[in-house]
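Inspection log for the structure reproduced underneath, given as structure tokens.
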There are 2 protein chains.
Amino acid sequence: MERNFLLTIEYDGSEFSGWQKQPDARTVQGELEKVLSKVCNGTVELNGTSRTDAGVHALGQRASFKGEYGIPTDKLMLVANNHLCGGKHLASVIGDVRIVAVEEKPLDFHARFDSKGKKYRYIIQNSPEINLFRRKHCYQVTTPLDFEAMKEAARYIVGTHDFACFQSAGGQPRATTVRTVYSLELDKQGDDIILEIAGDGFLYNMVRIITGTLVEVGLGKITPEQIEEIIASGKRENAGHRAPAEGLYLVEVYYE
Amino acid sequence: MERNFLLTIEYDGSEFSGWQKQPDARTVQGELEKVLSKVCNGTVELNGTSRTDAGVHALGQRASFKGEYGIPTDKLMLVANNHLCGGKHLASVIGDVRIVAVEEKPLDFHARFDSKGKKYRYIIQNSPEINLFRRKHCYQVTTPLDFEAMKEAARYIVGTHDFACFQSAGGQPRATTVRTVYSLELDKQGDDIILEIAGDGFLYNMVRIITGTLVEVGLGKITPEQIEEIIASGKRENAGHRAPAEGLYLVEVYYE
């Protein structure tokens, strides 16, 4: 009998060429499909919710796959995770991707098409000192940022807007560039500025360009009020730089 | 005129096959010599104080080199660090090794032979939850450790002893296995247990085997009092396991 599995996946994107399968590169989808096909003894094809770029991390990526597999869901997770660590039963061997939950869904469920939105986190380290041990896990800005100005600017982004200005060229063509940002919160934790953004969908590189634009607000290059004009212009060149992939984490995918 | 430079070097050991130069592997010494030879316009050969293993990190490795170079010390550091980041002037491009200080020394100074001791740090994450983002930077022990027992055990290690029991096979032959441990401190920071050990010198893998032995004390497999017998036995098989390289940091090298 055919079953439909929904996985929740965590990964450190540092050593992956992104989510999406590619013939000659190590990708999250590629690694997972290889292992799941072995565990399920059949060709598994994953539908992921977010095609994260190279270097981008995930705490709660979701992906579904269907097949006539008899394996219990908890065993699927255990065996797959063991393979993902190279099959070594040592506390010191920790892989860079693992499945954190498996559930069964009705056959008509699709991880991407049925998702109602996502939450991303972006970590900026704002300290004069570079920390080379964190180089793969945050964006290190050494000039002091005006946190209050960044928070003020963020308020102009929340809501339903045409976000064409925050979209990189090269993504998949979309019917519309209108999206709804449910919330955009900035928090200070020590030297870190943590940005959390939730919305019904995101354009290509949208979170990274929003972050880069907020960093430029923090540097005084853009005023908070200008965000409104930038969005209205619909022009990528009016927005700020694209913040690096290293600081970005896909935190959660929302379903009904 | 010949000059003698002493470098202080920081690196994330994750992507290096250790300190020592090898023909077909990326090593810290190899990378630094390549860059310094370019910067100094001559063949630089470094004398490092500690041959850290693959995966081991350093905050304050020291290395010296001599040559008839005219470059000012501050410029040497700046230009070398720029090369070590791939020459890209971007905040987001952070290399995994950098020079943090350069000083000039008398010609008869030698970074290794003149060192009077070293301090290492070892980071254990003691939490039931594996954090895959920290897999290259600490040792993750998921079973609760008895911190007080570990601290008590540490007291038996401080002082001058024959530490043959804490030495791996395969190191360089040494005239004696007697060493003096000046201090061995354990500190709890959130879920982390931070071990700091200072001594006049360390045998091959000594800090990692001491850490593994203390972890076994924390797990109740070895009692604190047994440490005395283990040291007296001089036998490697009586000590605990060798903790993984990922948790180890060379913090400081002492000179007169």
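The values are calculated or read from the model by the stated rules, or taken from the named source; none is laboratory data. Everything numeric in this text was worked out from a predicted model, so none of it was measured. Here Cβ is always computed from backbone atoms with ideal geometry, including for glycine, and neighbour counts include all displayed protein chains.
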Residues of the stretch A:220-256 satisfying the condition of being under 14 Å from A:Ala58 (Cα atoms), touching a strand residue (DSSP E or B) at 6+ places or on another chain (Cβ under 8 Å) and not in a strand (DSSP E or B): A:Glu246, A:Gly247
Selection status of B:Glu185, in a strand (DSSP E or B) and not basic (Lys, Arg): yes
From B:Ile210, B:Ile124, residue being surrounded by 17 or more Cβ atoms within 10 Å (Cβ to Cβ) and under 30 Å from A:Arg98 (Cα atoms): B:Ile124
Qualifying residue in the stretch A:92-115 (condition: under 30 Å from A:Gly234 (Cβ atoms), touching a helix residue (DSSP H, G or I) at 6+ places or on another chain (Cβ under 7 Å) and touching a residue at least 12 places away in the same chain (Cβ under 8 Å)): no
Meets criteria (in contact (Cβ under 8 Å) with a residue 40 or more places away in the chain and under 16 Å from B:Tyr156 (Cβ atoms)) for B:Ile230: yes
Which numbered condition B:Leu90 fails, given (1) at pLDDT 95 or above; (2) within 14 Å of chain A (Cβ to nearest Cβ): (1)
First in the stretch A:17-36 and assigned by TED's automatic domain parsing to the domain that holds A:Gly86 and under 19 Å from A:Lys136 (Cα atoms), second anywhere and hydrophobic (A, V, I, L, M, F, W, C) and loosely packed, with under 14 Cβ neighbours inside 10 Å, Cβ under 7 Å, 6 or more apart: A:Ser17/A:Ala25
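Let's see how each residue does on (1) on the phi > 0 side of the Ramachandran plot; (2) touching a strand residue (DSSP E or B) at 6+ places or on another chain (Cβ under 8 Å); (3) of a type in the set (Asp, Glu); (4) away from chain B (no Cβ under 14 Å):
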position: A:Leu6; (1), (2), (3), (4): no, yes, no, yes
position: A:Gln20; (1), (2), (3), (4): no, yes, no, yes
position: A:Lys38; (1), (2), (3), (4): no, no, no, yes
position: A:Leu46; (1), (2), (3), (4): no, yes, no, yes
position: A:Ser50; (1), (2), (3), (4): no, yes, no, yes
position: A:Gln61; (1), (2), (3), (4): no, yes, no, no
position: A:Asp74; (1), (2), (3), (4): no, yes, yes, yes
position: A:Val79; (1), (2), (3), (4): no, no, no, yes
Inter-residue pairs, beta-carbon under 6 Å, first assigned by TED's automatic domain parsing to the domain that holds B:Ser50 and in the stretch B:64-89, second modelled with pLDDT under 90 and not in a helix (DSSP H, G or I), 6+ apart: B:Cys85/B:Val93
Scan of the stretch B:129-179 for residues that are assigned to a helix (DSSP H, G or I), surrounded by 13 or more Cβ atoms within 10 Å (Cβ to Cβ) and charged (D, E, K, R), ordered by number: B:Arg134, B:Lys151, B:Glu152
Among residues of the stretch B:210-256, those that are more than 14 Å from chain A (Cβ to nearest Cβ) and aliphatic (A, V, I, L, M), counted: 10
Close pairs from the stretch B:134-152: first more than 7 Å from chain A (Cβ to nearest Cβ) and over 19 Å from B:Ile210 (Cβ atoms), partner among the hydroxyl-bearing types (Ser, Thr, Tyr) and part of a helix (DSSP H, G or I), Cβ under 7 Å, at least 6 apart: B:Lys136/B:Ser14
Extreme residue, farthest from the chain's Cα centre (by Cα), among residues of the stretch B:15-39 that are under 16 Å from B:Asp53 (Cα atoms) and of a type in the set (S, T, N, Q): B:Gln22
